[in-house]
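Read through the structure below, which is laid out as structure tokens, and then see the notes.
The values are calculated or read from the model by the stated rules, or taken from the named source; none is laboratory data. Since this is a predicted model, take the numbers as computed values, not measurements. We place every Cβ from the backbone using ideal geometry, glycine too, and count neighbours over all the protein chains shown.
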Amino acid sequence: MAIVLVALNLRTAVAALSPIFDEIAVDIALGSVGIGLLGMLPPLCFAAVGPFTPALHRRFGLEPVMIAALAVMIGGHVLRAAGDSYAVLAVASAITFAGMGAANVLLPPLVKAYFPDRIGLVTSVYATTMAIGATIPPLVAVQVADSAGWRISVGMWSVLAVFALAPLVVLAVRSRRREVTADEPQPVALRGVWRSPLAWSLMIVFGLTGVNSYAMFAWLPAVLVDVSGVTDGQAGLLLSLYSVTGLPAALVVPVLAVRLKNVGVLVAVGVLCYVAGYAGLLLAPAPGIVWLWVILAGLGALLFPLALVLINLRTRSHEGAVALSSFVQSVGYALAATGPLVVGVLHELTGSWTGPILFLAGTAVVVGVAGVVVARPRMLEDRRPLR
């Protein structure tokens, strides 16, 4: 219950604002730049908070820090709803995303701590729940804002976070101080995670998958209108198709990763789906077939749940999972935040979508190279430092 409810809260604040920007703009001046800044805040906040989470975990423990992260999220939700200026809205959003960033890092170790024998299954459940949490707000935000006001539409997600607190408090009360066994590395031995080829390779897989996803969510409708000639409405439906395609992958991939002897097969499938989807958009963008290329590009995002489950599969200890999760997600989200900007700049410089699409296809090839390292059955604690 704790894992599922936390996962359900990890994207609600991200998806709750954009559908009702027009309603918010009646009370608070936003502007294009302001909206763009709000759109960049989630990955930037995730990246900023990640490096500090392991220290908090070592000082206070897994469950208490997760409870604190949810409390921060609740405060951010409420403050966003009560804000009367853009500055308050932006600061409150940053607070909310900071809580989410800490919870992002701690969720894989929470799975490893309580379900070490069912890592794939539980990771698939929470990865799917995260996707559902990102899907629900756009479906109801406008209706709630029209009937009860935008402040209720923004603030109501704090109630969902309150529900997640209950099972976490129970876990915190029942938990005992975990003794460090002789074969479990001391925290000090994990401070050099940034020197691990495995950590860097997994971060590249995670971060470049994020580059593709953030870029596609920002630019896919414009790409489809220009290269395929579809209408704005059709482009919006195709963006929804791109998003929904990730749900089956989130459900199946972690389970397969645990059972397969070589996860390189999954990496290869993800990379090939990306390349095939982008090649189709460039070479055969006809409206009658473009849906296939959108689905293939969406399937490439199977690398995201794969990276999440590998955080646990490539660590021997609880401390190792915390350290690897912090590094992969903090640096990875910082990298992911550049995706929409790079694609936009390339389009502006070239005047076409060929350059941006080739850039995204190139990132997929880099993921394939990093995937060779990730696929090797080596553990973080057994790492060979980078020279």
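Things worth noting here:
- Filter result for I35 (at pLDDT 90 or above and assigned to a helix (DSSP H, G or I)): no
- Some residue of the stretch 263-274 being outside any helix (DSSP H, G or I), out of contact with any helix residue (DSSP H, G or I) (no Cβ under 6 Å at 6 or more places or on another chain) and of a type outside the set (K, R): no
- The residue list A55, A48 contains one member that is within 20 Å of the chain's Cα centre (by Cα) and not in a loop (DSSP other than H, G, I, E, B), which is A48.
- Sole residue being more than 24 Å from L308 (Cβ to Cβ) and either assigned by TED's automatic domain parsing to the domain that holds S352 or not in a helix (DSSP H, G or I) (or both), chosen from L238, L251: L238
- Selection count, the stretch 26-50, where residues are over 22 Å from Y333 (Cβ atoms) and of a type in the set (G, A, S): 3
- So V309, is it in contact (Cβ under 8 Å) with a residue 60 or more places away in the chain and either aliphatic (A, V, I, L, M) or not in a helix (DSSP H, G or I) (or both): yes
- Only residues that are under 23 Å from R314 (Cα atoms) and in contact (Cβ under 8 Å) with a residue 12 or more places away in the chain were counted across the stretch 262-276, and they come to 9.
- A single entry from M73, M40 fulfils the requirement of being within 17 Å of the chain's Cα centre (by Cα), modelled with pLDDT of 90 or more, assigned to a helix (DSSP H, G or I) and in the same structural domain as L10 (by TED's automatic domain parsing): M73.
- The set of residues in the stretch 100-135 that are part of a helix (DSSP H, G or I), farther than 18 Å from G61 by Cβ and more than 16 Å from the chain's Cα centre (by Cα) comprises I119, G120, L121, V122.
- Verdict on A279 being in contact (Cβ under 8 Å) with a residue 60 or more places away in the chain and under 21 Å from the mean Cα position of the chain (by Cα): no
- Residue within the stretch 282-294 that is out of contact with any strand residue (DSSP E or B) (no Cβ under 7 Å at 6 or more places or on another chain), among the β-branched types (V, I, T) and in contact (Cβ under 8 Å) with a residue 60 or more places away in the chain present: yes
- Scan of the stretch 90-117 for residues that are among the charged types (D, E, K, R), surrounded by fewer than 17 Cβ atoms within 10 Å (Cβ to Cβ) and within 16 Å of L310 (Cβ to Cβ), ordered by number: none
- Condition met for S153 (surrounded by 22 or more Cβ atoms within 10 Å (Cβ to Cβ), of a type in the set (S, T, N, Q) and either in the same structural domain as V244 (by TED's automatic domain parsing) or assigned to a helix (DSSP H, G or I) (or both)): yes
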